[in-house]
Amino acid sequence: MRCAVRGRLAIQAEDALEELRPQGRQEVMETIAAALVQPREWPEPGGWHAAVVFGPRSWVAFTAFLGGIEVIDVGWAG
């Protein structure tokens with residue numbers, strides 16, 4: 001499995017990570033890792049559906065494709 005960040009929305013997710021404090025960035029990356037290891041929770045690959053995984057103070061919205069997930073949005077409430 002791999003986590004791919006592609007497309008315009010995904011670039012916004014990368015930008016959001018850059019803007020977070022190190023503690024928030026670490027928590028969001030852990031939330032992404034938690035999403036990666038739960039493929040049963042992924043939306044149907046290649047579809048228009050998305051899923052959200054929550055951490056203690058973070059969230060990651062993503063969609064799935066055959067090789068992994070595409071992160072659409074991230075956030076941290078810290």
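Structural remarks
- Mean separation of Cα contacts under 8 Å, 6 or more apart, over the residue count of segment 6-76: relative contact order %: 35
- Extension gain for the segment HIS49 to PHE65, taken as residue separation times 0.36 nm less the Cα-Cα distance, is 4.7 nm to one decimal.
- Remark on segment 6-76: hydrodynamic radius 12.0 angstrom, per the Kirkwood mean of 1/r across alpha carbon pairs.
Since every read-out is calculated from the coordinates, none of them should be taken as a lab result. Remember, predicted model here, so these are calculated numbers, not experimental data.
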